[in-house]
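The values are calculated or read from the model by the stated rules, or taken from the named source; none is laboratory data. If you're wondering where the values come from, they're calculated on a predicted model, not measured in any experiment. Reconstructed Cβ throughout: ideal geometry from the backbone, glycine too, with neighbour counts over all protein chains shown. Areas reflect the complete protein model, heavy atoms only, side chains present, ligands, DNA and RNA absent. Shrake-Rupley method; radii C 1.70, N 1.55, O 1.52, S 1.80 Å.
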Amino acid sequence: SELATMMDVSVTDVITACMNLGLMVSINQRLDAEALVVVAEEFGFKVEFVAVEIQEAIDTEDETDEDAVPRPPIVTVMGHVDHGKTSLLDNIRKANVIAGEAGGITQHIGAYSVKLDDGRRITFLDTPGHEAFTAMRARGAKVTDVAIIIVAADDNVMPQTIEAINHAAAAQVPIVFAINKIDKPGANPEKIKEELSAMNYLVEDWGGKYQCQEISAKQGINLDKLLEKVLLEAEFLDLKANPDRKAQGAVIESTLDKGRGYVATVLVQNGTLRVGDMLLSGIYTGRVKAMFNERGTRITEAPPSTPVLVLGLNGAPQAGDSFNVMDDERSARDIANKREQLQRMQGLRTQKHITLDEIGRRIAIGNFKELNIIIKGDVDGSIEAMADSLIKLSKEEVQVNVIHKAVGPISESDVILAAASNAVIVGFQVRPSAAARKLAEKEEIEIRLYSIIYDAINDIKDAIEGMLAPVM
Ligand code: GDP
C-alpha cells in the first residue's frame with residue numbers, strides 16, 4: 001500500500017505486479033529491499049534507499065471511526081486586500097466576547113473558537129488570506145472546512161477575490177460569500193452578485209447554490225446570519241472526530257518566546273490533546289508542559305477543532321506541519337531523528353510535483369487522471385483562449401483542469417497553489433517574479449513560458465499523448 005502511494009499507482013496493480021513476480025503479498029505486507037527494487041522497476045521507478053520509513057509508528061486518522069462525534073467547523077476568511085478580512089475576524093471575536101463567555105479573547109494565537117448562543121461552536125483561523133491557507137495546504141495540512149470569501153460592496157470582484165475563490169476551489173473547500181461594507185453609501189451588493197455570476201458563482205438569491213450574506217464587518221451588521229450560513233454549510237459536511245483517541249492535528253504558528261521557550265499554536269483535528277502528552281511535530285518533540293486557549297486561560301485538555309497554545313516542544317515546527325501524540329518519548333525522538341536525517345539528505349523536499357515530461361508515462365501507467373494547470377498571461381483575451389483550448393484537450397484518460405487563470409506575472413502565490421494542487425504553471429507573454437522563480441525551484445514546480453499560444457497548446461497536447469520532446 002505504501003509503495004503504491006509513493007508511486008501513485010493503485011494497490012491492486014502493485015499486488016498484481018508482485019504476483020507476476022511470484023510474490024504472494026497482502027496490502028499491509030512489507031516488501032524486502034530486493035523485492036522493492038524489482039517491483040518498482042515494473043512501474044518505471046528506480047529505488048534509492050535514503051532512510052527507513054518513518055510514518056509507520058504514527059497513528060493515522062481513521063475515516064471509519066465509529067466513535068467519532070460531530071465537531072465544530074474550522075473556517076478561513078479570504079478576499080481582496082482592504083475588503084474587510086481583518087475587520088470581520090476582529091468583530092466576530094469581539095461580538096463573541098459580548099455574547100459572554102468568561103474572559104475576553106485576549107491573545108492572537110493564530111486561531112480562535114467562538115460559541116454561539118445555542119452552544120454551537122466555530123473555529124476561525126486568525127491569519128486571513130488565501131496565501132496562508134494554500135501555504136499550509138502545500139505542507140500537507142488540510143485545516144479549513146469552510147471558506148468565507150469576502151467582497152466589498154463598494155468595490156468590485158477584484159483579482160485577489162478571484163485568486164481566493166480559485167484557491168478555495170482547488171482545495172475543494174466549500175465557499176460562503178460575505179458581501180461587506182453594506183453600510184457604505186456607495187455599496188451595491190447586487191453588482192457584486194452579478195460579477196460573481198459572470199464567473200459561474202451563482203449565489204442563492206440569484207437561484208444558484210452558493211450561500212451569500214450581506215454584512216458590515218465594521219458595524220457588526222448581519223454577522224450572526226453569516227455564521228448561521230457557515231454552520232449550515234458545515235452541516236452538509238458532516239464533520240466528525242473522535243475525542244477519545246490520541247490527538248493529531250496541524251501547527252498553525254510557532255515561535256521562540258524569551259520567557260517560555262518554544263511556543264506553538266496547534267489545531268487539534270482529531271482526538272484530545274492533554275498536558276503531559278508526548279508531542280511529535282516535524283523534526284521536534286516534547287512533552288506538553290502547559291496549554292492555553294485564546295483567552296489566556298490555562299487548560300488541561302483540548303478536544304477536536306480546538307486551537308491551543310502549547311509549551312514544551314524543543315523547536316519551532318512550521319505552519320502546516322502535522323503533529324501527533326506518541327506513546328512515549330523514545331518513539332517520538334526516533335521518528336524526529338529520522339526525519340531530520342531525511343531532510344539533510346534530500347533537502348526539505350517531501351513531494352515530487354508533476355512535470356509535462358512525466359505526464360505521458362504516468363497516464364500510460366493509468367494513474368494520472370487530472371492535469372491541473374495555472375495560466376498567467378498579459379491580456380485577458382489570450383488567457384481565455386488558451387484556457388478554452390487546454391480544457392478541450394481533456395480526453396477519457398485525463399481531464400485537464402485550469403485551476404486558476406489571471407492577468408499578471410507569475411507570483412509566489414501561483415507557485416504555492418501549484419505546489420498544493422500538483423499543478424503546472426503556464427505563462428503566456430509573462431515571466432515569473434524573482435521570488436516566484438526561486439520558490440518554484442525549491443518546490444520543483446514546472447513553469448512553462450510561451451509567446452505563442454499555439455506552442456503552449458501543442459506542448460500540452462503532446463504531453464498528454466506522451467510524445468513531448470524533452471526540453472533542453
Ligand atoms: P483586509 O485588508 O481585508 O483585512 O481589510 P480590513 O479589515 O483591514 O479593512 C480595510 C478597511 O475597510 C479598514 O479601514 C476598515 O475599517 C474598512 N472596513 C472593513 N469593513 C467595513 C465595513 O463593513 N464598513 C465600512 N464602512 N468599512 C469597513
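For this structure, a couple of remarks:
- Residues that are outside any loop (DSSP other than H, G, I, E, B) and within 23 Å of the chain's Cα centre (by Cα) were ranked within the range 360-382; the one that is modelled with the lowest pLDDT is Glu370.
Listed here are the residues, each with its yes/no results for (1) over 30 Å from Val263 (Cβ atoms); (2) of a type outside the set (D, E, K, R); (3) modelled with pLDDT under 80; (4) within 16 Å of the ligand (Cβ to nearest atom).
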position	(1), (2), (3), (4)
Cys18	yes, yes, no, no
Leu23	yes, yes, yes, no
Leu31	yes, yes, yes, no
Glu42	yes, no, no, no
Ile54	no, yes, yes, no
Ala95	no, yes, yes, yes
Ala99	no, yes, yes, no
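- For Val173, the conditions (1) more than 16 Å from the ligand (Cβ to nearest atom); (2) closer than 24 Å to Ser421 by Cα; (3) surrounded by fewer than 17 Cβ atoms within 10 Å (Cβ to Cβ) are fulfilled apart from (3).
- The residues of the range 128-142 that are more than 13 Å from Leu88 (Cβ to Cβ) and either in a loop (DSSP other than H, G, I, E, B) or among the basic types (Lys, Arg) (or both), listed by number, are Arg137, Arg139, Gly140, Ala141, Lys142.
- Screening Ser433 with (1) of a type in the set (S, T, N, Q); (2) crowded, with 18+ Cβ neighbours inside 10 Å; (3) in contact with an Asp or Glu (Cβ under 8 Å, 6 or more places away or on another chain) gives one miss only, at (2).
- Looking only at the range 190-224, and only at residues there that are basic (Lys, Arg) and touching a helix residue (DSSP H, G or I) at 6+ places or on another chain (Cβ under 8 Å), the one that is surrounded by the most Cβ atoms within 10 Å (Cβ to Cβ): Lys193
- All positions within the range 218-243 that are assigned to a loop (DSSP other than H, G, I, E, B) and under 26 Å from the mean Cα position of the chain (by Cα): Asp238, Leu239, Asn242, Pro243
- Options Val37, Val25: the member that is over 21 Å from Ile354 (Cβ atoms) and out of contact with any helix residue (DSSP H, G or I) (no Cβ under 9 Å at 6 or more places or on another chain): Val37
- Checked against (1) hydroxyl-bearing (Ser, Thr, Tyr); (2) modelled with pLDDT of 95 or more; (3) outside any strand (DSSP E or B), Thr285 passes all but condition (3).
- The range 384-430 - residue that is in a helix (DSSP H, G or I) and more than 23 Å from Gln172 (Cα to Cα) and, of those, least open to solvent (accessible area, probe 1.4 Å): Met386
- Every test in (1) open to solvent by 30 Å² or more (accessible area, probe 1.4 Å); (2) modelled with pLDDT of 95 or more is passed by Gly259 save one, and that test is (2).
- All of (1) farther than 14 Å from Arg71 by Cβ; (2) in a strand (DSSP E or B); (3) open to solvent by less than 40 Å² (accessible area, probe 1.4 Å) hold for Glu253 with one exception: (3).
- Cβ pairs under 9 Å, 6+ apart, first in the range 160-181 and over 12 Å from Ile150 (Cβ atoms) and touching a residue at least 40 places away in the same chain (Cβ under 8 Å), second assigned to a loop (DSSP other than H, G, I, E, B) and within 16 Å of the ligand (Cβ to nearest atom): Ile162/His80; Glu163/His80
- When residues of the range 63-88 are limited to those that are part of a loop (DSSP other than H, G, I, E, B) and within 9 Å of the ligand (Cβ to nearest atom), the one nearest to the chain's Cα centre (by Cα): His80
- Looking across Ile192, Ile179, one residue alone is within 16 Å of the ligand (Cβ to nearest atom), over 30 Å from Pro70 (Cα atoms), modelled with pLDDT of 95 or more and of a type outside the set (Asp, Glu). It is Ile192.
- Taken over the range 105-124, residues that are within 16 Å of the ligand (Cβ to nearest atom) and open to solvent by 10 Å² or more (accessible area, probe 1.4 Å) amount to 1.
- Only one entry in Ala187, Ala264 is surrounded by 15 or more Cβ atoms within 10 Å (Cβ to Cβ) and within 16 Å of the ligand (Cβ to nearest atom), namely Ala187.
- Subset of the range 162-189 [outside any helix (DSSP H, G or I) and of a type in the set (Val, Ile, Thr)]: Val173, Ile175, Val176, Ile179, Ile182
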